[in-house]
Amino acid sequence: MIPYLDVQHLTKSFGALTLFRDISFSIGEGQKVGLIAKNGTGKSTLLSILSGKEGYDEGSIVFRRDLKVGMLEQSPVFDPDESVLDACFNHQGEDEKVLKAKQVLTQLKIRDLSQRMGELSGGQQKRVALANVLLTEPDLLILDEPTNHLDLEMIEWLEGYMARGNRTLLMVTHDRFFLDRVCSLILELDDQSIYTYRGNYAYYLEKRQERIDNRRAEVARANNLYRTELEWMRRMPQARGHKARYREEAFYELEKVAKQRLEERQLRLKASNVYIGSKIFECQYISKKFDDVVILKDFYYNFSRFEKMGIVGNNGTGKSTFIKMLLGRVPVDDGRIVIGETVKFGYFSQEGLQFNEQQKVIDVVTTIADYVDLGSGKKLSASQLLQYFLFTPEQQYNYVYKLSGGERRKLYLCTVLMQNPNFLVLDEPTNDLDIVTLQILEEYLQDFPGCVIVVSHDRYFMDKVVDHLLVFRGQGNIKDFPGNYTQYREWASMEEFRDSRDYRESREPAKPSYRHDDRRRLSYKEKREMEQLEKDIAALEREKKQIEEALCGGTTSVDEITAMSKRLPVLNDELDEKSMRWLELSEVES
């Protein structure tokens, strides 16, 4: 395997904050590498360092000579006056490359290639940037959250595109299906160090847990020994001999291990004080359209108590508009939405919360409430909620302007939950959240005793949380599906097959190969086939009888019994097949 990138002993700090220290890893030709880390621990910074846009303190980064690197940033910047096609700068006016650019942009739902970049939304600009980096055909692709702002159809197309061929890539993504199906090597940035797992996401989960269990056992052993050594340190006089000084130095190394903090959550957060009545909401034949784009047409739905619904569909089909209508933020054209009196919404929007940059994290949350009542006399303070979502006590007293993009989204989520709603409406909650936070949120929603609606393109997240789907297909066509996303895709695949030409042709009755008023005779070849079938059937029946007698005889070894047990069903299938064919030929002969 040809080495493309070699990173050795890399260290990066911002003031007193060290993101990573002395990390080393390498990427070879054809490897597809996923980078996983908690928000704020340096994922995007590491990618910026590799792309040459950010400096580092110590270490070395070596690319193969003449290697062509393509970088997709989390928030790309374009000239607002540039056209979409000009932004894909690699086409250079060549007809073949322009055609290729059009094909990729069309897959990513960018169709007006003359439109100015300044007229596109942030999500559309991210898609143009993704198209651009794919079109440059680099040797090494570095991608920061490539699935953000893509709908499910686009994600599945990109997944297939990345999985095919010998492409080499390093990417940060929260999409666990994407990681599982595309990546063959996982790098985890944790506690200022990097860990390598040579497998997909499922393999990473298994081996990561083993690492954590081993680390926990190591810290426990160090703590036991530390107590003994601490007693010795207190007893020993200051003037120590050589051996004593050696033991003293070993004590301080031991102390470092013993005082390591494993930030693993101890408990799942469960609330029992959420009450919601039997009347939730009812959409009474509502309609909505913008110009020629139909969002809903005479849509009726009665939402059930404790229902956890997912909403999926391509971009522009009206998913976000629907929940804004439910919340009263967008008016309906016809019909009405009736909300139950006990319903208290908690809304997490794509736009997010506009924070006061000079506020401290803890103050943002306590401005809403000091605690959440969990019921049974239990209360959860603002600080405890933040800690549950992985804000350390130190981070809680940081100013908002110091937070990463993912940490801001996480803080916004905490402000929604702090309102103690009984009906959560979450519009793309997984964007920019790290995988550990997604796991925490999944557990929270699974245990949540109220109602939930989630709009998301994260297939793994949807499978974990929802038990029911509304599928927005465009122009007011909405499919009500009783199941999660994977179950829906299996059903949809069957529907696509049933609508296909191959299926229709397989269901058509076979055209007779002869006229009904003619008596058909066996051909010479068919007569020879029938004779051979009689010999084969006789031989198979003899073999079957021998196996059955051996199995009942009591003198056969275990290995022989195993082999015979495997052979018997195969033999029966062969007998059935050849006997059926013999019958078909014998009917013609008669």
Review point. When the convex hull of the C-alpha atoms of region 1-96 is computed, what volume per residue in Å³ does it have?
Key: 153 Å³
**Study point:** Pairs from K289/K344; K308/K378; K97/K126; K378/K464 whose Cα-Cα separation, in the structure shown, is over 23 Å
**Key:** K289/K344; K308/K378; K378/K464
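Region 344-480: D in µm²/s via Stokes-Einstein (Kirkwood Rh, Cα pairs, 25 °C, 0.890 mPa s)? Before the final figure, lay out the partial values.
On the way: Rh = 15.9 Å.
After rounding, the answer is 155 µm²/s.
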Exercise for review: Find the accessible area per residue for region 106-145; the probe is 1.4 Å, ligands and nucleic acids are left out, and the unit is Å².
Suggested key: 35 Å²
Practice item. Give me the distance between the Cα centres of region 151-224 and region 422-452, rounded to whole Å. Key: 21 Å
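With both partners inside region 331-429, how many of the DSSP beta bridges are antiparallel, as a percent to the nearest 5?
Working: 5 of 9 bridges.
Approximately 55 percent, going by the DSSP bridge assignments.
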Check your understanding: Which aspartates and glutamates have a Cα less than 14 Å from the Cα of K544, not counting those fewer than 8 places away in the same chain?
Key -> D536, D573, E574, D576
Check your understanding: In square angstrom, rounded to the nearest 10, how much accessible surface does R408 have for a 1.4 Å probe?
Key -> 60 Å²
**Study point:** Cross-link reach list, aspartates and glutamates versus K402, counting only Cα pairs under 15 Å and skipping chain neighbours closer than eight places
**Key:** E357, D363, E394
Exercise for review: Return one whole number: the accessible area per residue of region 440-490 in Å², for a 1.4 Å probe.
Suggested key: 32 Å²
Check your understanding: Hey, which aspartates and glutamates would be in cross-link range of K324, C-alpha to C-alpha under 16 Å, not counting anything within fewer than 8 residues on its own chain?
Key -> E282, D333, D334, E351, D427, E428
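The values are calculated or read from the model by the stated rules, or taken from the named source; none is laboratory data. From a predicted model like this one, the values you see are computed outputs, not experimental measurements. With ligands, DNA and RNA removed, areas are computed over all heavy atoms of the protein, side chains included. Shrake-Rupley method; radii C 1.70, N 1.55, O 1.52, S 1.80 Å.
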